[in-house]
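Colleague: Sharing a structure with you now.
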Amino acid sequence: MHWFLPGPGNRPRWEKAAAHDLIHFGKWIFFSSACGFLLAQGDKAILGKALPLDALGIYNIGFFLASFPVLLVEMIVGRVLIPLYREALSDAEADILHRVRRLRFGLTGLVLSLILLLAFSGVALVGFLYDERYAAAGAIVVAIAATQVIMIIGKTYDQAALAAGDSRSFFMLILARAAIQTTLFLIGAQYGGLLGALAGQALAYALIHPLIVRLAIKFGVWDPLHDLVYGVIGVSLAVLALWFHLDEVLSLGALSASG
């Protein structure tokens, strides 16, 4: 490539403007990744002390099954919504904004449907896939899926900061999420075992959502109708799923007590 491609040859060069842009943008991405690791793995580290090893394994099974829709929305937002946000922020035409809103409504509706499907069928799904030794994982699927409803509603907003090139604002949001979620999860696990930890996580999602809305307003991408519609529908159905599986969910207290 060096000898036979036409044009000037490549040589090492330090361009101050490019280096400043890369370092200024990239350093906040690095810190965000560190906080993201805490968000993704902090619950296992905390529950590693609160639960015996076999109960932690059961929790991991339930967490894996309940987290699939979240992984799906993260992948779609990164590959589809960020380019649209970038286009909308640079050229705020009505047609582009309408496309973003329509895609956000459709994406949230799809992922929320998957989450609620798991919330209602988690016990049956685990019963079909595993033997009775892992039955408690079904209640964990139900509880985690129900608590993730609020998080899913705001999941399509935070990447707007990266689309605008403001990685610092994105980092500040991830830092706040990591601090609030880890703290409440730890307090809940300390005083209420697994059930307390999941309740603390649900409270954390509710407290974090206003911060996400603030970020969305800053970049002009907040859609209050989207949040209202899916908030009412999602929370109502999540509560119904918890009520429907109340005995199984409450039995998770025994899982913690066995430690």
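Colleague: Pull up segment 1-27, narrow it to residues that are of a type outside the set (A, V, I, L, M, F, W, C) and under 24 Å from PHE170 (Cβ atoms), then point me to the one that is least open to solvent (accessible area, probe 1.4 Å).
Modeller: GLY26
Colleague: If you go through segment 28-53, how many residues are open to solvent by 80 Å² or more (accessible area, probe 1.4 Å), out of contact with any helix residue (DSSP H, G or I) (no Cβ under 8 Å at 6 or more places or on another chain) and either acidic (Asp, Glu) or under 16 Å from ALA161 (Cβ atoms) (or both)?
Modeller: Total meeting the criteria: 1.
Colleague: Here is a list: ARG133, ARG86. Which entry is part of a helix (DSSP H, G or I), farther than 25 Å from LEU225 by Cα, more than 20 Å from the chain's Cα centre (by Cα) and of a type in the set (Lys, Arg)?
Modeller: Answer to the check: ARG133.
Colleague: Taking the criterion of being under 15 Å from the mean Cα position of the chain (by Cα), outside any helix (DSSP H, G or I), among the hydroxyl-bearing types (Ser, Thr, Tyr) and buried (at least 22 other Cβ atoms within 10 Å of the Cβ), would at least one residue in segment 144-153 satisfy it?
Modeller: no
This table checks each residue for (1) under 20 Å from the mean Cα position of the chain (by Cα); (2) assigned to a helix (DSSP H, G or I); (3) under 18 Å from VAL77 (Cβ atoms).
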residue: ARG99; (1), (2), (3): no, yes, yes
residue: SER113; (1), (2), (3): yes, yes, yes
residue: LEU118; (1), (2), (3): yes, yes, no
residue: VAL126; (1), (2), (3): no, yes, no
residue: THR156; (1), (2), (3): yes, no, yes
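Colleague: Then there's this: Only one of these conditions is not met by ALA178: (1) closer than 30 Å to VAL77 by Cα; (2) open to solvent by 60 Å² or more (accessible area, probe 1.4 Å). Which number is it?
Modeller: (2)
Colleague: Kindly indicate whether ALA197 is in contact (Cβ under 8 Å) with a residue 40 or more places away in the chain, surrounded by 15 or more Cβ atoms within 10 Å (Cβ to Cβ) and in contact with a Lys or Arg (Cβ under 6 Å, 6 or more places away or on another chain).
Modeller: no
Colleague: Name the single residue, out of those in segment 210-245 being surrounded by 15 or more Cβ atoms within 10 Å (Cβ to Cβ) and charged (D, E, K, R), that is nearest to ILE180 (Cα to Cα).
Modeller: Once the filter is applied, the top-ranked residue is ASP227.
Colleague: I would also like to ask the following. Could you tell me whether ILE61 is closer than 18 Å to LEU198 by Cβ and surrounded by fewer than 22 Cβ atoms within 10 Å (Cβ to Cβ)?
Modeller: Yes; evaluated as a whole, the condition is true for this residue.
Colleague: Scan segment 181-226 for residues that are outside any helix (DSSP H, G or I) and not β-branched (Val, Ile, Thr) and jot them down. Please lay out each step first, then the result.
Modeller: Here is the first cut: in segment 181-226, the residues outside any helix (DSSP H, G or I) are 219-223.
PHE219, GLY220, TRP222, ASP223, listed by residue number.
The values are calculated or read from the model by the stated rules, or taken from the named source; none is laboratory data. Please read all numbers here as calculations on a predicted model, not as lab measurements. As a convention, Cβ positions derive from the backbone with ideal geometry for all residues, glycine included, and neighbour counts pool all protein chains shown. Side chains included, ligands, DNA and RNA excluded: accessible areas come from the protein's heavy atoms. Shrake-Rupley method; radii C 1.70, N 1.55, O 1.52, S 1.80 Å.
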